[in-house]
Amino acid sequence: MQIKSVCDPAFAQYGYVMEGYDWKALIDKTVEVSEKPAGSVIYVAGDAALEALPIAQCIQNRIYGGLPVQIGYCNGHNRQLGCLEYHRGSEVNVAADDSILLVAPMQKIKDCKIDTSEVEAFLLPAGTAVLIYETTLHYAPCTADGGDGFRVVIILPKGTNRAKPEIKAGNAEDKTLWASNKWLLAHPDSPEAAAGAWVGLTGENVTL
């Protein structure tokens, strides 16, 4: 699979590189307080040390227009797609290490399924932040070539990725709800599918 840069014009349908922010304190604190496990991926929705930084208020006011946010991270080693997810509201990713984002357009979903041939790969260089549109399917970052894993700050509307609300399904999309503000399409080979997630990815389980 060809890996383009998030600075490539092809990324424009998925999001954009965020300029005019100083991410150094956020990246430094993430490196200080979080681990980067070998052979696995960890996700923390909200980390108190990150949310206590002065930039947290800036993020809430400038990027989300005053809406409450959570600032956490996704760290580890990963080279496979596994799943695609989406949220109501944009997500901000700030890379502490070179990372690869696997993304696809939500508009390609048909009957709650999408073929993995629609997935594209983009390099997110260390020190760079991107805003990922609500209509962009995404999941855990991947390790960049030659890298020793990744650490990526994940910023989302507050409450995202917490316990799934109890709902009575009223349409097809409802069966893909996997957590709060998290709709998930899993590949049949993924652990999430084995755990009961909706199998919505067809084609190969993209591996870098």
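Every number here is computed from the coordinates shown, using simple stated rules; none is lab data. Just so we're clear, the structure is a prediction, and the values are computed from it rather than from any experiment. Positions of Cβ are backbone-derived with ideal geometry, glycine not excepted, and every protein chain shown enters the neighbour counts.
In the stretch 85-161, Rg over Rh equals 0.98, where Rg is the alpha-carbon radius of gyration and Rh the Kirkwood radius from pairwise Cα distances.
Let me spell out the model: positive unit charges on the Cβ of Lys and Arg, negative unit charges on the Cβ of Asp and Glu, origin at the Cα centre of the stretch 86-208. What dipole size does that give, in debye rounded to 20?
Values: 11 positive and 16 negative charges, 129 e Å.
Result for the stretch 86-208 is approximately 620 debye, rounded to the nearest 20.
With the alpha-carbon atoms of the chain aligned to their principal axes, the span from lowest to highest coordinate is 42, 39, 33 Å, starting with the largest. Taking the C-alpha atoms only, the angle from helix 24-33 to the longest principal axis of the chain is near 70 degrees. Using C-alpha pairs below 8 Å separated by at least 6 residues, the relative contact order for the chain is 27 percent. Please state the charge dipole magnitude for the chain, taken about the Cα centre, from unit charges on C-beta atoms (+1 on K and R, -1 on D and E), reported in debye and rounded to the nearest 20. Result for the chain is approximately 520 debye, rounded to the nearest 20.
Determine the shape class of the stretch 150-208: with a ≥ b ≥ c the square roots of the Cα gyration tensor eigenvalues, call it rounded for a/c under 1.5, and otherwise prolate if a/b is greater than b/c, oblate otherwise. Taking the square roots of the gyration eigenvalues as a ≥ b ≥ c, the stretch 150-208 is oblate.
Net charge near S117, counting Lys/Arg +1 and Asp/Glu -1 over other residues with Cβ under 15 Å of its Cβ?
Details: positive: K108, K110, K113; negative: D115, E118, E120, E204.
Summing Lys/Arg as +1 and Asp/Glu as -1 gives -1.
Along the axis of the charge dipole computed for the chain (Cβ charges of +1 for Lys and Arg, -1 for Asp and Glu, origin at the Cα centre), the listed residues G159, A49, L184 are led at the positive end by G159.
If the stretch 6-128 were replaced by its equivalent ellipsoid, with semi-axes equal to the square roots of 5 times the Cα gyration tensor eigenvalues, what would those be, largest first, whole Å?
Working: eigenvalues 125, 66, 43 Å².
That gives 25, 18, 15 Å for the three semi-axes.
Take the Cα of D145, step 7 Å toward its Cβ, do the same at E19, and the gap between the two points is 2.7 nm. Cα extents for the stretch 72-125 along the principal axes, largest to smallest and rounded to whole angstrom: 36, 24, 16.
Filter the cross-link list K108/K182; K113/K175; K110/K182; K108/K175; K113/K158; K110/K175 down to pairs whose alpha-carbon distance in this structure exceeds 20 Å. Intermediate results must be reported in sequence, preceding the final value.
On the way: K108/K182 18 Å; K113/K175 12 Å; K110/K182 18 Å; K108/K175 18 Å; K113/K158 27 Å; K110/K175 14 Å.
Checking Cα-Cα distances, K113/K158 exceed 20 Å.
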